[in-house]
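Comments concern the structure below.
Values in this text are rule-based calculations from the coordinates and carry no lab data. What you are looking at is a predicted structure, and each value in this text was computed from that prediction instead of being measured. Reconstructed Cβ throughout: ideal geometry from the backbone, glycine too, with neighbour counts over all protein chains shown.
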Amino acid sequence: MVKVKVGLYFGELGYIGMPFWPEKNTVINISKDVHPKLGEAKKQAALNAACEKRGITPSDYIRMLELSERPFYTLDGTRKGEIIIPQRVIQSFLNHSSMAAPKAIPRIQEKGLTFIGIKIEEGFLRTGKTEADARRFERFVKLEESNQRTFSSSLYIYDFKASGVFVIDEEIIREDELRKLIEYGGKWFGVGSARPQGYGRFKVVDWDLMSRP
């Protein structure tokens, strides 16, 4: 295994996390049992019944709502903690880049190999940012089933360096080839949400070989 200390710089159009938490899935399922046209009293009664059916107390539900709205992954899991970019986000980015890159760019040929061959020592990249540093990106988004638009608002962090140590199995891809793939993907594809709007792009600013067998 080869270890490389990496720094990825995100500029003004930084990184939008928008994780889909397990709590969000539960909240959505509960909302399906509450008809939107009910009056407030009946709506609350339906909500209580939906929670009770799932063994969830009112205080549990409020806590789930709070957890489901966290805009980033953080080091301690709270909204005040340091924002991180998880290993699986980087691995998914590498798979996307490998599928879309031209032949001149080194690629990982099979998706499954990415999760074996490229890991991050801590399991994530550190950003040094917290939610307090974030700006808001707001836009109207077209609904799939109609021409209606819905208003969407997302927090993003900007002007930062995501740092960590990559652990690379060179039987899958050499470290110099991986750098080329990451540089290409960082320029054209990026990570996180709202990538079609230009968010999530980055440059490789640090690539320091730490060890080689």
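A few comments on the model shown:
- Gained length - E52 relative to E175, 0.36 nm times residue gap less alpha-carbon distance: 39.0 nm
- Our analysis of the chain gives Rg over Rh at 1.06, with the two radii drawn from alpha carbon positions and Rh computed by the Kirkwood formula.
- For F115, F72, order by how many other beta-carbon atoms lie within 10 Å, fewest first: F115, F72
- Altogether, the Stokes-Einstein calculation at 4 °C and 1.567 mPa s, with the Kirkwood radius of segment 22-68 over Cα pairs as Rh, returns a diffusion coefficient of 122 µm²/s.
- Considering only P22, P71, P36, the Gaussian network model of the chain with Cα springs below 10 Å gives its largest mean-square fluctuation to P36.
- Most tightly packed first, judged by the mean number of other beta-carbon atoms within 10 Å of their residues, the peptides 96-109, 48-61, 78-91 read 78-91, 96-109, 48-61.
- Selected from A45, A134, A162 as most flexible by GNM, with the chain as the system and alpha-carbon contacts under 10 Å: A45
- Ranking of V6, V167 by count of other Cβ atoms within 10 Å, fewest first: V167, V6
- Using a Förster distance of 30 Å, the FRET efficiency for K187-K111 (Cβ separation, nearest 0.05): 0.90
- Axis angle, to the nearest 10 degrees, between helix 58-68 and the longest C-alpha principal axis of the chain: 30 degrees.
- Helix 22-31 axis versus longest C-alpha principal axis of the chain: approximately 30°, rounded to the nearest ten.
- Listed cross-link partners K24/K203; K32/K111; K32/K119; K3/K180; K24/K53; K80/K187 are compared with a 27 Å cut-off, the Cα-Cα value being larger for K24/K203; K32/K111; K32/K119; K80/K187.
- Per-residue Cβ neighbour rank within 10 angstrom, fewest leading, D133, D176, D208: D208, D176, D133
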